[in-house]
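Read through the structure below, which is laid out as structure tokens, and then see the notes.
The values are calculated or read from the model by the stated rules, or taken from the named source; none is laboratory data. Predicted model, so just to flag it, every value in this text is computed and none were measured. Heads up, the Cβs are rebuilt from the backbone with ideal geometry, glycines too, and the neighbour counts pull from every protein chain shown.
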Ligand SMILES: Nc1nc2c(ncn2[C@@H]2O[C@H](COP(=O)(O)OP(=O)(O)OP(=O)(O)O)[C@@H](O)[C@H]2O)c(=O)[nH]1
């Protein structure tokens, strides 16, 4: 009897399997490695540009997850980046090289035997030249004048301590600079990275992914800058190096769709943090801002946006402040990433931009290397400016 039941079961399984194999138009499960990447590295899959997520049927992710084993390329070794703690101190030499002139000039001026009006004007000019902004520069001069009078004679150590305290006070030791990148409940944290093109957005997404992986987080990168295929390629490279998933769309695809898909996949894959790169270049300011607003709204259908990081190029001075104003009108910026601080002596921009937006600088870019992004800390920053 048992033998008969077993035989019947085997026949039924064989018939069902055969029928499934022979069924015409059988759909394959979505490949984990996207076959639609062309040899040039650009994705051929696309949703119609401008399509809204609401109009779309639930389909497999546009491109992804893209994994280290893409195509026939050899599987690169997955790197374990250094953790975030102490990075600014490690990168101190980089900062000291670019900001030292500013710090040294201030120290030299303040160490003069007599500090007359001309000397104070020079101190103010030095602060202004570092992009500190008029109001903070005046405030610093005023405070220092009072303190120098109280102090009477000054040793070099006194001067340094005085200036250090004043600069830290202006930068703001009390701001909450923590990056909110931890999962909450069943959802990953969402970080939206915005800014105009060329400021270092894509690079920042990649470097931030590394910072988080270095802190043992699981990260997914969403390439919603569909304006430039190279930006998505860049993110794939960043992701591949540290084993982070990447979701991308084709050039010209609807950025909101890609962002939506990235969050959906991030939730499915149970990552800790989804970092979304956005485009910084559209023909009109209104177009760019409408697009950004849409990306944020669409993401919020699935998860709260924890951080909106505005990337600003520290070398652009007042121009950067103008950009900051425009972005802050559209999205609720929660933190600033100041890139290229290694290439400018204008470290005062930290103070100016925080005043302008009322949000803290949370990260600083100090070079083109993969680990040249550091959480911003006022103490080590000022120490690097003033030198030892
Ligand atoms: N020296 C230096 N270069 C940086 C830093 N951050 C980014 N860069 C460089 O700035 C250039 C532009 O960076 P991207 O990340 O492509 O800029 P983006 O804002 O994404 O530009 P689009 O994709 O065109 O919108 C690249 O050459 C980066 O290596 C930094 O902190 N220091």
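Among the residues of the range 329-339, those that are outside any loop (DSSP other than H, G, I, E, B) and in contact with a strand residue (DSSP E or B) (Cβ under 9 Å, 6 or more places away or on another chain) comprise 330, 335, 336, 337, 338, 339. If you filter the range 179-198 down to residues that are away from the ligand (no atom under 16 Å from the Cβ) and part of a loop (DSSP other than H, G, I, E, B), you find that the one that is surrounded by the fewest Cβ atoms within 10 Å (Cβ to Cβ) is 185. Of everything in the range 226-250 that is surrounded by fewer than 24 Cβ atoms within 10 Å (Cβ to Cβ) and in a loop (DSSP other than H, G, I, E, B), the residue that is farthest from the ligand (Cβ to nearest atom) is 243.
Scoring residue 253 on the criteria (1) farther than 26 Å from residue 178 by Cβ; (2) buried (at least 24 other Cβ atoms within 10 Å of the Cβ); (3) within 12 Å of the ligand (Cβ to nearest atom) leaves a single failure, condition (3). Just checking, does the range 165-173 include any residue being within 22 Å of the chain's Cα centre (by Cα), buried (at least 17 other Cβ atoms within 10 Å of the Cβ) and either touching a residue at least 60 places away in the same chain (Cβ under 8 Å) or within 16 Å of the ligand (Cβ to nearest atom) (or both)? Yes, there is a match, as at least one residue in the range 165-173 is within 22 Å of the chain's Cα centre (by Cα), buried (at least 17 other Cβ atoms within 10 Å of the Cβ) and either touching a residue at least 60 places away in the same chain (Cβ under 8 Å) or within 16 Å of the ligand (Cβ to nearest atom) (or both). Taken residue by residue, the range 270-282 has at least one member that is out of contact with any strand residue (DSSP E or B) (no Cβ under 6 Å at 6 or more places or on another chain) and closer than 21 Å to residue 371 by Cα. Being in contact (Cβ under 8 Å) with a residue 24 or more places away in the chain and closer than 18 Å to residue 214 by Cα is the filter here, so list the residues in the range 369-382 that pass it. Within the range 369-382, 370, 371, 372, 373, 374, 375, 376 meet the criteria.
Annotation: of all residues in the range 345-368 being assigned to a loop (DSSP other than H, G, I, E, B), at pLDDT 90 or above and more than 23 Å from residue 209 (Cα to Cα), the one that is nearest to the ligand (Cβ to nearest atom) is 348. Looking across the range 237-271, just one residue is out of contact with any helix residue (DSSP H, G or I) (no Cβ under 9 Å at 6 or more places or on another chain) and without any contact (Cβ under 8 Å) to a residue 40 or more places away in the chain, and that is 268. Every test in (1) farther than 21 Å from residue 82 by Cβ; (2) more than 16 Å from the ligand (Cβ to nearest atom) is passed by residue 377 save one, and that test is (1).
Per-residue answers, yes or no, for (1) touching a helix residue (DSSP H, G or I) at 6+ places or on another chain (Cβ under 6 Å); (2) closer than 28 Å to residue 387 by Cβ; (3) at pLDDT below 90:
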{"site": "143", "(1), (2), (3)": "yes, yes, no"}
{"site": "149", "(1), (2), (3)": "no, yes, yes"}
{"site": "161", "(1), (2), (3)": "no, yes, no"}
{"site": "165", "(1), (2), (3)": "no, yes, no"}
{"site": "173", "(1), (2), (3)": "yes, yes, no"}
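Can you name the residue in the range 251-287 that is outside any loop (DSSP other than H, G, I, E, B) and under 16 Å from residue 329 (Cβ atoms) and is also modelled with the lowest pLDDT among such residues?
It comes out as 285.
Selection within the range 111-142: residues that are touching a residue at least 24 places away in the same chain (Cβ under 8 Å) and more than 24 Å from residue 317 (Cβ to Cβ). The member of this set that is surrounded by the most Cβ atoms within 10 Å (Cβ to Cβ) is 115. Residues of the range 207-225 that are within 16 Å of the ligand (Cβ to nearest atom) and modelled with pLDDT of 90 or more: 207, 208, 209, 210, 211, 221, 222, 223, 224.
Scoring residue 342 on the criteria (1) over 29 Å from residue 216 (Cβ atoms); (2) within 16 Å of the ligand (Cβ to nearest atom); (3) in a helix (DSSP H, G or I); (4) touching a strand residue (DSSP E or B) at 6+ places or on another chain (Cβ under 9 Å) leaves a single failure, condition (1). The set of residues in the range 320-339 that are more than 9 Å from the ligand (Cβ to nearest atom) and within 24 Å of residue 105 (Cβ to Cβ) comprises 320, 321. So for the range 288-301 (the condition being more than 18 Å from the chain's Cα centre (by Cα), within 14 Å of the ligand (Cβ to nearest atom) and either free of Cβ contacts under 8 Å to residues at least 24 places away in the same chain or closer than 21 Å to residue 330 by Cα (or both)), does at least one residue qualify? Checked the range 288-301: at least one residue is more than 18 Å from the chain's Cα centre (by Cα), within 14 Å of the ligand (Cβ to nearest atom) and either free of Cβ contacts under 8 Å to residues at least 24 places away in the same chain or closer than 21 Å to residue 330 by Cα (or both). Within the range 303-319, being away from the ligand (no atom under 11 Å from the Cβ) and either modelled with pLDDT under 90 or out of contact with any strand residue (DSSP E or B) (no Cβ under 8 Å at 6 or more places or on another chain) (or both) holds for 316, 317, 318, 319.
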